[in-house]
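The values are calculated or read from the model by the stated rules, or taken from the named source; none is laboratory data. On a predicted model such as this, the values are computed, not experimentally measured, just so you know. No Cβ is skipped: glycine too gets one built from the backbone with ideal geometry, and neighbour counts run over all protein chains shown.
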Amino acid sequence: MDVYINNLVVVDKKLKMKQSILKISVGIMFSIFLISFSINLVNAESVPSWVKNNALWYGQGDITEIEFLNSIKFLIEHDILILNNNSDDDDNDNDTVKRNQLEQIIIPNGNYVVSGGSFYLPLNLEINPMTTVQWINDDIVKHTVQSQDEFGKIIGLFNSVPLDTGETFEFKFKEKGVYNYYCSLHPWRVGVVTVG
């Protein structure tokens, strides 16, 4: 009789554990579903690589849910992931949100190699007026961001100091137009910001 009761206790514990895992899984799936339907704007190139790695590691079970949710929190706090407010505000309020954003351009690892295939990400960033662009140096060497006209002549609109790995440079584009830039240390690397 004791063996039978012990077996029932073990089966009950296993059942409760499975129910807990199922509740957690449903909660996670609901959270992901809610976030995916609430997203207004997100650009894959602007998501830092460590956040992408966290998503992979979370899916593989290598990091905790809290660690993964902290990476999502980072995306929201830094306006990389912008959630809808689901209100019926007039178009002027929505226009204000669209016009005061932060967009990112990644200078990827290997960008300094002449024959390499590493280009700015994105190569042509399309934004609205009044958007701040942040260049992030993910390369292992220094880079600059130097404005130039359509003929390749240097202009003084924006010019960064040499950026070490992990450093950033920001510029707010106020007027419509096509803005060319390049790295003065690696002049074969050029990019474009299109403000429309």
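Scanning region 123-142 for residues that are in a strand (DSSP E or B), touching a Ser or Thr at 6+ places or on another chain (Cβ under 8 Å) and not charged (D, E, K, R) returns N124, L125, I127, Q134, W135, I136, N137. Filtered by the rule that a residue be touching a residue at least 24 places away in the same chain (Cβ under 8 Å) and surrounded by 13 or more Cβ atoms within 10 Å (Cβ to Cβ), region 160-171 gives S160, L163, T165, E167, T168, F169, E170, F171.
Is it the case that D62 is loosely packed, with under 13 Cβ neighbours inside 10 Å and either modelled with pLDDT of 75 or more or in a helix (DSSP H, G or I) (or both)? Here the answer is yes, as D62 does meet what is asked.
When you look at G196, is it touching a residue at least 40 places away in the same chain (Cβ under 8 Å), closer than 17 Å to Q104 by Cα and small (G, A, S), yes or no? It is true that G196 is touching a residue at least 40 places away in the same chain (Cβ under 8 Å), closer than 17 Å to Q104 by Cα and small (G, A, S).
When each of I76, I106 is tested for being in contact with an Asp or Glu (Cβ under 6 Å, 6 or more places away or on another chain), modelled with pLDDT of 70 or more and either of a type outside the set (K, R) or in a loop (DSSP other than H, G, I, E, B) (or both), the lone residue that passes is I106. Check region 166-181 and report whether any residue there is of a type in the set (S, T, Y), part of a loop (DSSP other than H, G, I, E, B) and out of contact with any Cys (no Cβ under 6 Å at 6 or more places or on another chain). Checked against the condition, which is being of a type in the set (S, T, Y), part of a loop (DSSP other than H, G, I, E, B) and out of contact with any Cys (no Cβ under 6 Å at 6 or more places or on another chain), region 166-181 yields no hits at all.
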